[in-house]
Amino acid sequence: MEADAFYELMESRISELLSRIENASLEDIDKELLTIRVLIDIYRRNDQLLEGLLRPTTTKLERKQILEALAFQRLRIATNRVELERLHAKSQKILQRSVELLAKADRLVYRKQNKRSAYAPELCAYCKGFGVSANSQCPVCKGKRTVLVLQPPVVCPACKGTGRATAEQSNKSGLASCRLCRGSGWTLVVVEALNRG
């Protein structure tokens, strides 16, 4: 799927969902959100393949396998590195915008279910709303893509909303996530939302 076509599809589906969120049943909304999540995950895997083509350590065999996988999905691949970098950058922007729209829909659904709550879902900073980090389930949001944050949301002052430990923190503790926000990127997060066990 071409980047522009994917973006148009995502934006139209999420916009349609947002327009009918007040009147639709939660079951219908959940089904549509699941479909949107699956589409984002498929597009993200394709983006990771593009990233593999750009990585200098990718072997010729791996490069051939990536090109075959992308061709199988009928994706047009750039013929030179500059075009490939442009395509990857565009893909990254589309993915980020898509997860932001999905998070907006999640917030509206949460508010519909929890009208009196002072909290709302916000994107998990550690995985940037993808639910995965380093090709496994995000250790912060446990794959949910969002965390519950007291509203209005306040960005973590220690990591400045990245969810990642600073170099100094990482050297001292050996942790990859920010100690203050536990990787969420936000202050005042519901601890249970982080599924700490």
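The values are calculated or read from the model by the stated rules, or taken from the named source; none is laboratory data. Please read all numbers here as calculations on a predicted model, not as lab measurements. A quick note on method: Cβ atoms are made from the backbone with ideal geometry, for glycine too, and the neighbour counts reach across all protein chains shown.
Residues checked against (1) at pLDDT 90 or above; (2) over 30 Å from Asp30 (Cβ atoms); (3) among the basic types (Lys, Arg):
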| residue | (1), (2), (3) |
| --- | --- |
| Val132 | no, no, no |
| Val147 | yes, no, no |
| Gln151 | yes, no, no |
| Cys156 | yes, no, no |
| Gly163 | yes, no, no |
| Ala176 | no, yes, no |
| Gly185 | yes, no, no |
| Val190 | no, no, no |
| Ala193 | no, no, no |
Exactly one of Arg45, Arg63, Arg37 is loosely packed, with under 15 Cβ neighbours inside 10 Å, within 17 Å of the chain's Cα centre (by Cα) and assigned to a helix (DSSP H, G or I), and that residue is Arg45
The residue that is nearest to the chain's Cα centre (by Cα), considering only those in segment 109-166 that are closer than 23 Å to Ile14 by Cα and of a type in the set (Phe, Trp, Tyr), is Phe130
Per the list (1) under 22 Å from Asp30 (Cα atoms); (2) touching a strand residue (DSSP E or B) at 6+ places or on another chain (Cβ under 7 Å); (3) of a type in the set (A, V, I, L, M, F, W, C); (4) at pLDDT below 90, residue check on Leu101 breaks on (2)
All conditions in (1) in contact (Cβ under 8 Å) with a residue 12 or more places away in the chain; (2) closer than 25 Å to Ser91 by Cβ; (3) outside the structural domain of Asp41 (by TED's automatic domain parsing); (4) crowded, with 18+ Cβ neighbours inside 10 Å are true of Cys156 except (2)
Is at least one residue of segment 15-27 assigned to a loop (DSSP other than H, G, I, E, B), in contact (Cβ under 8 Å) with a residue 12 or more places away in the chain and out of contact with any Ser or Thr (no Cβ under 8 Å at 6 or more places or on another chain)? yes
Among residues of segment 90-145 being among the small types (Gly, Ala, Ser) and assigned to a helix (DSSP H, G or I), the residue surrounded by the fewest Cβ atoms within 10 Å (Cβ to Cβ) is Ala103
Inside segment 10-29, the number of residues satisfying the requirement of being touching a helix residue (DSSP H, G or I) at 6+ places or on another chain (Cβ under 9 Å) and farther than 10 Å from Ala105 by Cα is 9
Within segment 41-96, of all residues that are at pLDDT 80 or above, in contact with an Asp or Glu (Cβ under 8 Å, 6 or more places away or on another chain) and not hydrophobic (A, V, I, L, M, F, W, C), the one nearest to Phe130 (Cα to Cα) is Gln92
Flag if Met10 is at pLDDT below 80 and within 17 Å of the chain's Cα centre (by Cα): yes
